[in-house]
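Here's a structure for you.
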Amino acid sequence: MTVDPNAATQGFPTPDPAHRRPGAARYLVPALVAGAVAVGLGVYGKAHDPEGTAFNLAGFNSTGAVKSWMATAAMGFAVVQFVSALMVYGRLPGPSWSGVLHRWSGRIAFLVAVPVAVHCLYALGYQTYEPRVLWHSALGCFFFGAFSAKMLLLRSERLPGWTLPVVGGLVFAALTVVWLTSALWFFRTFGVTT
């Protein structure tokens, strides 16, 4: 008896890939990566002995001023990203190039935020000595974890329409609180200086 390997299986229709729901791995892998990034940054920041300074730029009086201005620039690009996301999703009228604006403002915000995070982790570490600092440390780690999850979810197909806006909103909310507990606090405490 010979078996035709190309013959259709009787009684079992082949599933139509266009109608399959996303598997749990589409959500689980980004969530695990987000957790690993956030916890990894927190563990490094807590275990590492703070150096006091990581970098300084000419024209600034202190590393705190550099960090605060760079965080403010990242926050500005994040606001552009938020508004352009509303345009992309049709909640605000916008130009045809709002998707490009959204992608590039996000890239720039991330690139400006990375040196700030490096400074925070290397120079200051993960600290918890007062509520403001605890929120800043925890949400700074959460921000980079949530950002990692968002980047992984961008390439996933057939996700529910709410997934990216919710994760993007979490990223924006975390960055906002990180900015409020660092740059805004610095400007209110030491003045708007360079």
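The values are calculated or read from the model by the stated rules, or taken from the named source; none is laboratory data. Note that the coordinates shown come from a computational prediction; the quantities given were computed from them, not determined experimentally. Quick reminder, even Gly has a Cβ in these numbers, built from the backbone with ideal geometry, and neighbours come from all protein chains shown. To get the accessible areas, we keep the full protein, side chains included, count just its heavy atoms, and leave off ligands, DNA and RNA. Shrake-Rupley method; radii C 1.70, N 1.55, O 1.52, S 1.80 Å.
As an exercise: evaluate W135 against (1) under 27 Å from L28 (Cβ atoms); (2) at pLDDT 95 or above and give the number of the one condition it does not meet.
That leaves (1) as the condition not met.
Hey, can you tell me all the residues within segment 114-132 that are assigned to a helix (DSSP H, G or I) and at pLDDT 95 or above?
P131, R132
Name, by its number, the condition in (1) open to solvent by 70 Å² or more (accessible area, probe 1.4 Å); (2) more than 21 Å from A173 (Cβ to Cβ); (3) touching a Phe, Trp or Tyr at 6+ places or on another chain (Cβ under 6 Å) that does not hold for F82.
Tallying (1) open to solvent by 70 Å² or more (accessible area, probe 1.4 Å); (2) more than 21 Å from A173 (Cβ to Cβ); (3) touching a Phe, Trp or Tyr at 6+ places or on another chain (Cβ under 6 Å), F82 fails exactly one: (2).
State all residues of segment 150-163 that are in contact (Cβ under 8 Å) with a residue 60 or more places away in the chain, open to solvent by 60 Å² or more (accessible area, probe 1.4 Å) and of a type in the set (G, A, S); if no residue qualifies, say none.
Across segment 150-163, there are no qualifying residues.
Taking segment 138-165, which residues are among the hydroxyl-bearing types (S, T, Y) and either more than 12 Å from the chain's Cα centre (by Cα) or modelled with pLDDT under 90 (or both)?
Of everything in segment 138-165, those that are among the hydroxyl-bearing types (S, T, Y) and either more than 12 Å from the chain's Cα centre (by Cα) or modelled with pLDDT under 90 (or both) turn out to be S156, T163.
Right, next: Looking only at segment 164-186, how many residues end up being touching a residue at least 12 places away in the same chain (Cβ under 8 Å) and open to solvent by 30 Å² or more (accessible area, probe 1.4 Å)?
8
If I ask for residues that are of a type outside the set (A, V, I, L, M, F, W, C) and loosely packed, with under 12 Cβ neighbours inside 10 Å, which ones from segment 21-45 would you list?
Within segment 21-45, R21, G23 qualify.
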